[in-house]
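Asks: Encoded as structure tokens, here's the structure I'll be asking about.
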Amino acid sequence: MAKRYGLTVTACSTGYVVQALVNNFLPLLFVYFSTAYKIPVYLISTVIAYNFVLQILIDMLSSSFILKIGHRASCILSGTSACVGLVILAITPFVVSGYIAIYVGIMIAVTFMAAGSGLSEVLLSPIIEALPFENKSSMMSFLHSFYCLGHLVLVLLSTAFFVLFGVDKWYILALFFVLIPAIEVILFSVCPIIKPTGDERVVKKLQLFKNKRFLLLFVLMISAGACEQAIAQWASYFAESGLKVSKTMGDLLGASTFALFMFLSRFLHGLSGKKFNVSTLILICSVGLTACYLLTVLQPNAVLSLIFISLSGFFVGIVWPGVYSIGGDLFSSGGTTMFSMLALGGDVGCTLGPTLVGFIASGTSMNMGILIATIFPLLLLFGMLILKRTAKDELVKLR
């Protein structure tokens with residue numbers, strides 16, 4: 001029966017590739033935009049914050065909208081919005097001049113891209129959760145592995161393009177990437193979609209937040225988003241500015257290896273089936289992640305720092321889909337509304353993590369920014385310990 005939904009899995013996987021593209025393409029250009037267009041670093045930091053703040057608003061408001069127009073139409077709208085954002089980004093330097101005008105154009109492009117990404121985060125996980133697969137925890141990790149794969153392919157293609165044609169031709173690459181959300185739109189136009197469980201009776205958001213276990217899940221999602229994006233959004237900049245390596249080496253050894261290890265952890269968990277308890281894995285990963293953050297900045301060897309950046313991707317990989325899986329088990333009737341609130345928590349973290357790093361780095365150094373961000377994996381560790389203690393019986397039954 002599950003074989004019928006292979007096209008649906010492909011469509012959702014493509015959606016996560018698109019999400020990786022629109023969230024991580026601009027950070028590869030931060031240094032170039034700062035030097036070529038004279039955009040100050042503090043304004044570049046607001047691009048990251050604005051991207052995820054807008055996604056937070058979409059997480060908060062979109063569930064009712066999605067239930068009204070349907071999941072298929074919402075997925076098509078998501079891909080279309082990403083296409084429009086990439087086109088606007090590519091043409092901005094040719095229609096305006098001056099760093100303020102270019103900055104505004106970038107923000108308009110980010111508006112469309114963030115709208116597409118925010119809708120995807122709310123839509124894709126409940127669509128997969130609704131499909132008739134036996135082990136949904138593994139399937140959730142498998143789905144989310146395509147975000148990492150998309151990030152990895154993005155960095156490798158971008159690096160190769162920049163080496164061959166120059167970073168100043170980045171707009172050509174942006175137009176090429178429009179093809180990916182266009183494919184997403186086509187796939188969602190034809191694939192079968194099952195209405196997520198719980199959408200028959202819409203759960204009120206306030207009802208969820210009155211539940212202490214859900215509040216813990218929400219905190220875990222904040223931690224997951226912050227841990228992931230604090231490194232992902234600044235890996236290239238950290239390597240270039242903090243470790244004094246070239247852009248090519250920074251992208252290859254920083255951003256791309258981070259994405260590779262993140263993909264491996266999710267993909268391997270997807271293959272593992274029922275062998276591992278998700279909550280235990282998240283605890284182990286939170287300890288490893290804390291160690292990687294500290295070792296990245298507290299020892300002086302640049303090569304080792306890049307290695308620890310990469311390893312942090314492995315440890316953070318299963319946290320986001322793992323918390324989603326726990327939510328699906330503990331709140332099986334939560335439906336799209338529950339997943340949208342978890343996505344809200346994740347995007348709050350995605351905003352807090354890189355913004356805090358950028359803010360601290362602008363006044364001190366990138367090393368100090370990442371050091372302060374160690375608070376997020378520690379929050380993940382203690383939050384998971386509390387959840388295991390307060391919901392022990394339910395967590396034992398996790399798929």
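Laboratory data are not the source of any read-out in this text; all were calculated from the coordinates shown. Remember, it's a predicted structure, so these values are computed and weren't measured experimentally. All Cβ positions, glycine included, derive from the backbone under ideal geometry; neighbour counts span all protein chains shown.
Asks: What is the order of R389, R213, fewest Cβ neighbours within 10 Å to most?
Replies: R389, R213
Asks: Continuing with this model, one more query. Averaging sequence separations of C-alpha pairs under 8 Å and six or more residues apart, then dividing by the length of the chain, give the relative contact order as a whole percent.
Replies: The normalised contact order for the chain reaches 26 percent.
Asks: What does the helix-only formula give at 222 nm for the chain: each DSSP H stretch with n ≥ 4 adding -39500 (n - 2.57), the total divided by the residues, and the result rounded to the nearest 500 deg cm²/dmol?
Replies: Calculated at 222 nm, the ellipticity per residue is -26000 deg cm²/dmol.
Asks: A follow-up question, please. To the nearest 20 debye, what is the magnitude of the charge dipole of region 2-396 about its Cα centre, counting +1 on the Cβ of each Lys and Arg and -1 on the Cβ of each Asp and Glu?
Replies: 600
Asks: I would also like to ask the following. Can you find, among V18, A373, V122, the residue farthest towards the positive end of the dipole of the chain? Put +1 on the C-beta of Lys and Arg, -1 on that of Asp and Glu.
Replies: V122
Asks: Continuing with the same structure: Taking 0.36 nm per intervening residue step and subtracting the Cα-Cα distance, what contour gain separates T390 from K244 on full extension?
Replies: Additional length available on full extension: 47.9 nm.
Asks: Does region 254-319 classify as rounded, prolate or oblate by the C-alpha gyration tensor (a ≥ b ≥ c root eigenvalues; a/c under 1.5 gives rounded; else a/b over b/c gives prolate, otherwise oblate)?
Replies: oblate
Asks: Right, here's the next one. Order 311-323, 68-80, 29-41 from most to least packed using the mean count of other Cβ atoms within 10 Å.
Replies: The most tightly packed comes first, giving 311-323, 68-80, 29-41.
Asks: How far apart, in nanometres, would the label points at I307 and S365 be if each is projected 7 angstrom from Cα along the Cα-to-Cβ direction?
Replies: About 2.1 nm, to one decimal.
Asks: Are any of the pairs K38/K169; K68/K136; K68/K212; K136/K388 more than 24 Å apart by Cα-Cα distance, and if so, which?
Replies: As for pairs spanning more than 24 Å Cα to Cα, those are K68/K136; K68/K212.
Asks: May I pose another question? Sort D347, D59, D329, D168 by Cβ crowding within 10 Å, fewest neighbours at the top.
Replies: Arranged by neighbour count, lowest to highest, D347, D59, D329, D168 become D168, D329, D59, D347.
Asks: Right, something else. For region 35-126, what size does the Cα cloud have along each of its three principal axes, sorted from largest down, in whole Å?
Replies: 43, 23, 17
Asks: Could I ask something else about it? Can you give me the P(r) profile for the chain? Cα pairs, bins 20 angstrom wide beginning at 0, each as a whole percent.
Replies: Going out from 0 Å in 20 Å bins, the chain shows 30, 60, 10, 0 percent.
Asks: Order these by the 10 Å Cβ neighbour count, fewest first: L387, L7.
Replies: Least crowded to most crowded, the residues run L7, L387.
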